[in-house]
1. At B:Arg229 and C:Leu283, where each label point lies 7 Å from the Cα along Cα→Cβ, what is the point-to-point distance in nanometres?
2. Give the aspartates and glutamates whose C-alpha is closer than 12 Å to that of A:Lys215, dropping any in the same chain fewer than 8 places away, or say none.
3. Calculated FRET efficiency, A:Thr306 and A:Arg470, Cβ-Cβ r, R0 25 Å, to nearest 0.05?
4. What helices does chain B have that are whole DSSP H segments, at least 24 Å long along their own axis by Cα, and with mean Kyte-Doolittle hydropathy of 1.6 or more?
5. Mind checking the angle between helix C:61-80 and chain C's longest principal axis? C-alpha axes, 0 to 90 degrees, to the nearest 10.
6. Can you pull the semi-axes for region A:64-166, root of five times each eigenvalue of the Cα gyration tensor, sorted largest first, whole Å?
7. Around C:Leu210, with a cut-off of 14 angstrom between Cβ atoms, what is the net charge of the other residues, counting Lys and Arg +1 and Asp and Glu -1?
8. Can you tell me how chain A classifies by the Cα gyration tensor, rounded, prolate or oblate, using a/c under 1.5 as the rounded cut?
Amino acid sequence: MIAEAGMLASDAAPGKGRGVTPLLAMTGVGKRFGAFEALADVDIAFLPGEVHCLLGENGAGKSTLCNLIFGIHAPSAGEMTLAGAPYRPAGPRDALSRGVAMVHQHFSLINELPVIDNLLLGGRLGRLDRKGEGRRLESLAQEFGLTLDPAALVGDLSVGQRQRVEIVKCLMKRPRVLILDEPTAVLLPDEIQSLLAVCRQVAGAGCAVVLVTHKLAEIERVADRVTVLHRGRIAARSDHPADEIDALVQAMIQRPVARDGEAASGVLALPKRQRPTPLVEAEEAMQLDGVSFLDRLGVRRLDDITLSVDRGEIVGVAGVEGNGQSELGAILAGLMRASAGRWFAGGRELTEASPRAITAAGVGIVPEDRHAVAVVSGLSLADNLFLNRMRQFARLGLIDRPRQRALAAEYIRRFDVRAEGPLIRFGSLSGGNQQKAVLARELTTPDLRFLLAAQPTRGLDIGAVEAVYRLIRDAADGGVGVLLVSSELDELIAVADRIVVFYRGRIVGERRADPANRRTIGALMSGQAA
Amino acid sequence: MSVASLSPSRPPLPASILRLLFPLGAVLAAFAVGMAVVVIMGVPLDKALFAFWRGAFGNAYAISASLNRAVALALVGVGFVIANRAGLTNVGGEGQIAVGGIASTALCLTPGMASLPLGLAFIIPMIGGALAGGMWGALAGLLRARAGANEVITTLLLSFIAIWLLYWSVQSESLLRQPMTNSATLPESLLIPDPTKAPLLTGSYASPVTIGLPILAVVAVIAALALRRSLFGFQLSAVGLNPVAAARAGIAVGSTMVVALFIAGALGGLAGALMLQGEQYSLKAGFSSGYGFDGLVVGLLARGSIVGVIAGALLFGFMRSGGISMEMAASVPSALVGILQGLIVLMIAGAAYYVDREAR
Amino acid sequence: MTAELIAVFLGSTIRLAVPLLFAATGELVSERAGVVNMSLEGMMLMGAFAGAVGAALTGSPMLGLAAAILAVLPIAFVQAGLTNVLRANQIVTGIGINILVLGLTTLGYRQMFGERSRATIPGFDAWSTPLLSNLPVIGPLFQQIWLAWLGLAIICAVAYVLACTGLGISIRAAGEDPQAVAKSGANVTAVRHGAIIFTGVMAALGGAFLSIGDIHTFTEGMTNGAGYLAIVAVIFGNWRLWRTVFACLLFGAATALQFQLPALGVQIPNALLIMMPYLLAFLAVAGLVGRQTAPRALAQPFWP
C-alpha cells in the first residue's frame, strides 16, 4: 500500500512490520541548515531483518537522514530511539559504539594505508594484531563472499574494490543497523548484484539495513519496504515495493509519469523534440576518432570511442555514471589528453589543444562538476559570466567594469538568471541559476559550433531542468551540435535526437531517442548486449 | 602542504567594519599587556611610554627612521598580498630581501656605477636588487608550477639559503667582503659610494626619509588598482580561488603563479635594495634582521587589503623604533616589542575565521 | 684523517644532531597528523630558556628539564587551540609564536641574568656508557649525556607506535584524510591535540639539551634556527621517521664539519656547510632527489 505522508504518523511500523519492535525509530525528526529545511516531520522505523530502501531525487534529504542516524549531524527537532532506548549520537564514534555503521557515498578510507589498516582505523589504540585481524577478515570474506587482499594499498584498488573494503569495515564491527548511502552509483552491474546479495544476507542475520538509492531495479530486487522522500518530507511508503514501483516513482518526482510508455517526455514539460529538417548537407560539428584514455593506474577508462555530432543535432550519451563519461568530458574540455585517437570540432583538430584553443574553435563546455571546473564561486556573477572572455573588456590592462556590468545585465535578462545583480557572489546563487549562468557563458561563445553538456540538470529543481533544456534545444535549433551526457535516461529520450550508450568506456550501442527504445537502451546501459 | 585557508577573497568594503575594529582591539590589548609588563618590571610607566613615543615620533629623525622601516615592511607585505591573491603563501621575504641586498651591493660597488649620470647610479642597483629578489621568488613559482613543489616550503628553504649566501658574500674577499687590511677588518662589504645611495627627500640627514617612501606610494597605488581593476588582478583571483576553473577558462595558471611570486620577490628585493642604499650603506651578516618575517606578518594580517598592509607596516615600523628607544632611554628591552607583535599576530590570526564569518 | 679525529667528528655529529632529533621526531608526529608547527623554533627556545632558568634556580639540571617541559606546554596548548579549535592559519600562528617567544625569553633572560651574561649554569654531564665507552677509538662516541640515549629510546618508541598500534594508524590517517578518520569513529581533534603536545615536549627536551645539556649556558635566541632546521629535516626525510633521523644526523655532520675541516686544512666556506641542509632539502622538494610526498591534509584545518 502507498500512503501519503502524515497518514501513518502514529503508526511507526506499518504493514508487515506490525508488532515487531523497530531497531531504530525516528519520530518527528527535522533538520535545518540555516534557513534551509533539509528534513521535516520524518517518522520512520527500521525493523530488524529488513532491507529498507530510501528513495528520492537528488536533494530530497536522503543523505541528511543517514547523517542524522550516523551522528554526523544532530537533528534540530524530533526524537530517535535505538532498540527502544533514546538515541542521540554525539558523532560517528558514538554511533559506531551503539552498533550503527555506515557505508559512505564518499568512502571513509585512507588511500595511503593498506586495506587491513583501514579496517582497523577507529578501533583500539593499542598494539595491533594484524595477523589475527587478517584471519577475522578471511572468515568474514568467506561468510559474505567479499574477498580482499589485506596488504593492498587502498589507493591502488578499483572503485568497486574500495567499496568492498568500506563494507567489510562496517561488517567487522558487527553492526545492528547498517546504512548504505547510494552505494551502487559507482558500481558495475555484477558488483551491484553481489552488493545487494550482501544486503540481503546482513538483514537475514537480524540487522536493519538502510539502503539509499534512486535505482528502481534495485528496489524491485532487494527492498522489503520503501520510504520515499521528497523535499525533505516523507512522500510515500510501501510495504510491497516490487508491486508498486510506478506509484513510488510518482511520489518521488511528484508528477505523473509513464514508465515505459509513449510519453516519457512527461517527466519534463517539454514536447518531444522534432529535429528541424537537416541542412542539405549535414555538417559535422564535432567528431571523435578512436579516442581512448588510460588512467594513472593503466585502467582503460575510454576505449576507442568514435562518434560524430552534426550541427543542429543533439546526441545523448546514456550510461551509468563511471563508465567513461567523466573522462570524455575532461578530454573535450582540454583538461586531459586522450591516450590515443584524435578529435575535431569546427573542422579543426583539437586533440592536443589547450582549453583556450578549444574555446576559440567554437566549443562550449558545461562540465559535470560545475563547482570544480566551470566557475569560481568566490568571484562575482559578472566575472563568472565572462570567465574565459574577460580580455574583451580590457583596456591597457584595466577592466572596463561599467561595460562588463552592462553586458552581464543583458545576459542575466536573456538567460533568465535570477540574481540580485551582476555583482553578487556567484556562490550565493541557487544551483539552477548557477547552471543558467554557465550556460549563458558557454552558449554565447563566439562562433559556437559544438556544446558539451555533461549532467547539466544534476541537483536542479524541475523548473530549472526545463529552463536548461530549453536553452540547449534553442542552441541546437540555431545550428549548434550538442553532446548531452546524462544519467537520467528519460531526460535524454525527451531532449536528444539519438542516444549512444556508454558501458565500461565503450559505445555499446546507438538508438533513436524514442520512448519505445527505453527498454533496449536500459539493457545496453546495464551491459547486456542488445 | 597547502595553505588554502588564507582566503584571497576580496574584502567587500561595506561589511568590513568588524575587520577594522578587531585588529584595532588586538593592538590595544597587546599594548595593555606591554604596559603591564613594564609595570611588573618596575620601570615607571610614564618614563617608558615617553621613551617609546620619543623613539617613534619624537623628532624628525625618529619619524624618518620609522617611516623607512615601514617602507621596507610594506613592500614585502604588498608582495605577499599579491602572491596570496593567487593562492600562494610567500614565506620567503627574508631571503628575497637578502638577495636584493646582495645584488644591490654588488652593483653599487661595480666600478663606474658611481659615475653614471641622471641618478642611474642609484636606480640601476635598485632595479638589480628587485630583479634578483624577483628571480628568487620566481624560482619557487616555477617549482610550484612545474613540479608541484609547495611554495611555503620552497620559499622558506630559499630564505635560509639566501641568508647563508649573504653570510658567505661578506665573509669571502673574493665576493663582497672589504679588503682585509688587518685582523680586525670586519666581515662586511665596503661602504657604497655616495652617488649610489638612495636620495633623501629632504636632502638632510636630520630627517632621512628616502626616496623609498614615494616609491612605495606608487607601488601601493598600482598594486591596489591592479588587484581591484586589472585583467591581471582578475586572473590572480581566479587562479587563487579555483585553479582548475581558471585553467578551463584559458588562464595560464602556471605562469600566473610564477609572475605572482616574481612580483612578491621583486618587492622583497626592492626592500632589500632600499635598506642597503637608504640606511645601512654596507652589507653585513644579519642584514635583513627579521624584516622579511615582519613583512610577511604585515601582509598576512592585512587580509588581502593594500590599505591594511600600509597600516600594519606603519604600526610595526613605529613600534620597532619606539622599542629601540625604550631600551636605550628606559632600559626596557626592545624584546618587549617582539612580545607585543607576537600577541597581535596570534590574536588576529586566531580570530580570523570568526571575523570573516561575521563580516560575510 | 686519523681514527681519533673520526671518532671526535662522529661524537660531535651526534651531539649536534641530538637537539634536532628530539625536535624533528616531535614535528614528524605532528606533521603526520596534519599539523605544521612553525612554532617549533619558539618551543625549542622556550625549552632552552626554561631549562636554564630551572637549573640555575634549583641547581638541579633534572628540575631544569622539568621546568623546560612545563614552560613549553602552554605554548603547545596555544598552538593546539589556535590550529585545532580556532582553525587559524598554521604558518601565521607558528611565526607569531616564534616572535612572541623570542621576545619573552630575551626579556626574561635580561631580567634574570642581566644583559649579555655568559654565566655558566648547572647542566648534565656526559655519561660514560658502560663497556662501550671503553672501546678503543670509537669509545668517545659513547661519551654522551644520557638525554641522547633517551632520545634514541623515544625515536624507537615512536617508530613502534606509528607502525604497530591503532594510535599510529589514527595519527597517519589524520594527516591524510581527517574526514574519513572522523567517519571511522576516531577523534581527529584529540589526535591532533595530542600530536602537538607531544611535539612540544620533544621540542622542550631538544631545547633543554642545547642549554643545560650541551653548553651549560643560555644566550638570547640561542636556538638560532634549529627549530626551522628540524622542520627542514622532516621535509628532507620525506615525512618518514628513519629518513628524518638520517637527515638530522646528516645536518649534524655538516655542522660538525665546520669545526673539523679547518683543523684538517681543508678550506670550504663555512656558509656553504651551514647552507648544505637547506640546499639538500630544497633539491629534494624541487623533485631533483626522489619524489616527496607530504601528508595530503598537511596544514589544513579540520572541520567535523
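Any read-out appearing in this document is the output of simple, stated calculations on the displayed coordinates, not a laboratory observation. Since this is a predicted model, take the numbers as computed values, not measurements. Note: ideal-geometry Cβ built from the backbone for every residue, glycine included; neighbour counts use all protein chains shown.
1. Result for the modelled spin labels: 4.9 nm.
2. Once the sequence-local aspartates and glutamates are set aside, what remains near A:Lys215 is A:Glu57, A:Glu182, A:Glu488.
3. Plugging the Cβ-Cβ distance into 1/(1 + (r/R0)^6) gives 0.25.
4. Flagged H segments are B:17-40, B:212-229, B:253-275.
5. Result, in degrees: 30.
6. 29, 16, 13
7. Combined, the nearby Lys, Arg, Asp and Glu give -2.
8. Prolate, because a/c is 1.5 or more and a/b exceeds b/c.
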